[in-house]
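See structure below.
The values are calculated or read from the model by the stated rules, or taken from the named source; none is laboratory data. Every value quoted in this text rests on a predicted model; they were computed, and no experiment measured them. Reconstructed Cβ throughout: ideal geometry from the backbone, glycine too, with neighbour counts over all protein chains shown.
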Amino acid sequence: MVFKFISKKDLFLDERFAKGITKNSKRERRTSFKTITDIHVIKIEKFNKKGELLSTLYNINLPGFPMEIFKINLNKRGVERSGFSNEDIEHSLNDLVKENIFKVMEYNGQHRYVMVDKGLHLFMKKLLLLLNYILYKMDLVWIFLHRPSREDIKWLELFIGIEDTKEKINELKEYRKRYRKNKKQSIEAKKEITTLRKR
């Protein structure tokens, strides 16, 4: 998809990632840009063995999220069954806009909700990383130590939604069959469960 509102004049190097603005390898180079409106663009250049440029690709990441995606994600986690309608969700998000926690920006005719406070946005991203780290540890527990309990399943449904939880439970069954009898992997997994790594 080509975004008509981005031109080369709008792009500048993303200084927040100064150490990794450009990542080079023998066959690929990645450069991080952003625009005034916080659109992040990753330029990916691929080379042949002689160092000649073969192709240039651009990955575009828009800030924030559209209302419909926000509703879908909340409903996946059972918000709708808790008595909250889509209208309630929409009003709640618009209240956050009034409180200046979110702002509304338009990209290609679509409204997107963007967190105003960069510090709060960073905090939320770190919480998401922490959740993913916990889920990774719990996957190891459920594969190598014991199956998910009813309480575990309820906890999963809260964080990843009912449908995704069903898929994960089925995946865990397959992983248990495949890996649990492997003594070496079992020992390594149990060690990993009790190891805290810096994130």
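When region 35-77 is examined, which residues are found to be of a type in the set (D, E, K, R), over 26 Å from LEU96 (Cα atoms) and in contact with an Asp or Glu (Cβ under 8 Å, 6 or more places away or on another chain)?
First, pick out the residues of region 35-77 that are of a type in the set (D, E, K, R): 38, 43, 45-46, 49-50, 52, 68, 71, 76-77.
Applying the additional criterion that residues be over 26 Å from LEU96 (Cα atoms) yields 43, 45-46, 49-50, 52.
GLU45, LYS46, listed by residue number.
Name the helices (runs of 4 or more DSSP H) wholly within region 113-199 that hold at least 2 residues that are over 30 Å from ILE89 (Cα atoms) and either in contact with a Leu (Cβ under 7 Å, 6 or more places away or on another chain) or of a type outside the set (A, V, I, L, M, F, W, C) (or both)? If you could, list the steps in order and put the result at the bottom.
Working: elements: 118-144, 150-160, 162-179, 183-193.
Ranges flagged: 118-144, 162-179, 183-193.
Could you check, for region 95-103, whether at least one of its residues is in contact with a Lys or Arg (Cβ under 9 Å, 6 or more places away or on another chain) and not aliphatic (A, V, I, L, M)?
Applying the first criterion (in contact with a Lys or Arg (Cβ under 9 Å, 6 or more places away or on another chain)) to region 95-103 yields 97.
Narrowing further to those that are not aliphatic (A, V, I, L, M): none.
No, region 95-103 has no match at all.
Mind telling me which of the residues ASN86, ASN132, ASN100 ends up being without any contact (Cβ under 8 Å) to a residue 60 or more places away in the chain, of a type in the set (S, T, N, Q) and in the same structural domain as THR165 (by TED's automatic domain parsing)? Write out each step before concluding.
Values: ASN86 fails: in the same structural domain as THR165 (by TED's automatic domain parsing); ASN100 fails: in the same structural domain as THR165 (by TED's automatic domain parsing).
Only one candidate passes the filter, namely ASN132.
Let me confirm something: among LEU140, LEU130, which residue is touching an Asp or Glu at 6+ places or on another chain (Cβ under 7 Å), under 30 Å from ARG178 (Cα atoms) and either surrounded by 11 or more Cβ atoms within 10 Å (Cβ to Cβ) or of a type in the set (Phe, Trp, Tyr) (or both)? So that I can check it myself, show each step before the final result.
On the way: LEU130 fails: touching an Asp or Glu at 6+ places or on another chain (Cβ under 7 Å).
Only one candidate qualifies: LEU140.
Can you tell me which condition GLU99 does not meet? The list is (1) more than 24 Å from LEU122 (Cα to Cα); (2) charged (D, E, K, R); (3) surrounded by fewer than 14 Cβ atoms within 10 Å (Cβ to Cβ), and all the others hold.
(1)
Could you list all residues from region 103-112 that are polar (S, T, N, Q) and not in a strand (DSSP E or B)? Write out each step before concluding.
Within region 103-112, the first condition is being polar (S, T, N, Q), and the residues that meet it are 108, 110.
The one that is polar (S, T, N, Q) and not in a strand (DSSP E or B): ASN108.
With respect to ILE162, is the statement that it is outside the structural domain of ASP38 (by TED's automatic domain parsing) and surrounded by 13 or more Cβ atoms within 10 Å (Cβ to Cβ) true?
yes
Could you go through region 107-124 and let me know if any residue there is free of Cβ contacts under 8 Å to residues at least 40 places away in the same chain, surrounded by 15 or more Cβ atoms within 10 Å (Cβ to Cβ) and of a type in the set (Phe, Trp, Tyr).
No, region 107-124 has no match at all.
Given (1) within 30 Å of THR37 (Cβ to Cβ); (2) assigned by TED's automatic domain parsing to the domain that holds ARG178, identify the lone condition not met by GLU106.
Here GLU106 meets the rest and fails (2).
With (1) surrounded by 11 or more Cβ atoms within 10 Å (Cβ to Cβ); (2) within 23 Å of the chain's Cα centre (by Cα) as the list, and SER85 as the residue in question, which single condition is left unmet?
(2)
Return yes or no: is GLU45 modelled with pLDDT of 60 or more, assigned to a helix (DSSP H, G or I) and either under 26 Å from MET124 (Cα atoms) or not assigned by TED's automatic domain parsing to the domain that holds MET124 (or both)? Don't jump to the end; show me each part of the working.
On the way: modelled with pLDDT of 60 or more: yes; assigned to a helix (DSSP H, G or I): no; either under 26 Å from MET124 (Cα atoms) or not assigned by TED's automatic domain parsing to the domain that holds MET124 (or both): yes.
Judged against the criteria, GLU45 is not a match.
For residues that are at pLDDT 90 or above and farther than 20 Å from TYR133 by Cβ, scanning just region 168-193, find the one that is surrounded by the most Cβ atoms within 10 Å (Cβ to Cβ).
Ranking the candidates gives ILE169 first.
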